[in-house]
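Scroll down for the structure; my scribbles are underneath it.
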Amino acid sequence: MFIYEPLKASVPTGSRPATRFCLVRHGTTDWNRENRIQGVTDTPLNEQGRAEIGRLAVAMKDEGWEVVVASDLQRAAESGEIIGRELMIPVFFHKGLRERSFGPLEGLTFEEVKAEFPEGSDHLALPGLESRRAIEERAAATMAMLATVFAGRRVIVVTHGGFIRAFFRAGWGLERKAPANAERVVVVWDGTWQLVEGGRSNDG
């Protein structure tokens, strides 16, 4: 955990303030460039990814964000640290924000997986492969927890493409692509989830 400045005072007790989240997909890694499935394999950012996140952080400086919560996988954790340093706000890590685990499919290209499993991987039963239902339940539960812990705050969540897609399905029943690397989507919790804005879509 890296602390830069304290959180601002919260809203009065008894009200139900909206909690605003900026969901950020981590910056680019070498495996992103090679179109490989990363899952929970702990791949690092590359220089392109660090530069992308740095530019995003600068663009977010005057938007009033108060805290960063990032996946503890290093590509997301470092992305969160870059944003936290630029915005001078606290950075926390939570393993519930990790990417979907793809077990033995990790490290393979999407083309290799498609060739071997033309029907898709969502219905496979492989060791270490997190089911689609499981990642959706985890995404929903993790975001609900963060909405409770940071009620009324403005929170940057740095996570992964698969997690964001699962949250779209769990929160709205939307089957849509994740933001591109180092892009974002804003959602609000005020008793129900609201999708406010989205970044440019990108496969993976």
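Can you find even one residue in the range 144-156 that is at pLDDT 95 or above, β-branched (Val, Ile, Thr) and touching a strand residue (DSSP E or B) at 6+ places or on another chain (Cβ under 7 Å)?
Restricting attention to the range 144-156, the residues satisfying the condition of being at pLDDT 95 or above are 144-156.
Next, from what is left, pick out any that are β-branched (Val, Ile, Thr): 148-149, 155-156.
Now restrict to residues that are touching a strand residue (DSSP E or B) at 6+ places or on another chain (Cβ under 7 Å): 155-156.
Scanning the range 144-156, I find at least one residue that is at pLDDT 95 or above, β-branched (Val, Ile, Thr) and touching a strand residue (DSSP E or B) at 6+ places or on another chain (Cβ under 7 Å), so the answer is yes.
Every listed requirement among (1) in contact (Cβ under 8 Å) with a residue 12 or more places away in the chain; (2) among the β-branched types (Val, Ile, Thr); (3) surrounded by fewer than 22 Cβ atoms within 10 Å (Cβ to Cβ); (4) out of contact with any helix residue (DSSP H, G or I) (no Cβ under 6 Å at 6 or more places or on another chain) is met by Val113 save one, (4).
Scan the range 87-106 and give yes if some residue there is more than 20 Å from Asp72 (Cα to Cα), free of Cβ contacts under 8 Å to residues at least 12 places away in the same chain and either in contact with a strand residue (DSSP E or B) (Cβ under 8 Å, 6 or more places away or on another chain) or surrounded by fewer than 18 Cβ atoms within 10 Å (Cβ to Cβ) (or both), otherwise no. Give the derivation first.
Within the range 87-106, the first condition is being more than 20 Å from Asp72 (Cα to Cα), and the residues that meet it are 104-105.
This time we only want the ones that are free of Cβ contacts under 8 Å to residues at least 12 places away in the same chain, so: none.
No.
The number of residues in the range 142-163 being closer than 20 Å to Ala18 by Cβ and touching a helix residue (DSSP H, G or I) at 6+ places or on another chain (Cβ under 8 Å) comes to 6.
Only one of these is farther than 28 Å from Asp62 by Cβ and surrounded by 17 or more Cβ atoms within 10 Å (Cβ to Cβ): Ile135, Ile164. Name it.
Values: Ile164 fails: farther than 28 Å from Asp62 by Cβ.
Being farther than 28 Å from Asp62 by Cβ and surrounded by 17 or more Cβ atoms within 10 Å (Cβ to Cβ) holds for just one of Ile135, Ile164, which is Ile135.
The values are calculated or read from the model by the stated rules, or taken from the named source; none is laboratory data. Please read all numbers here as calculations on a predicted model, not as lab measurements. When we count neighbours, we look across all protein chains shown, and the Cβ atoms used for this are built from the backbone with ideal geometry, even at glycine.
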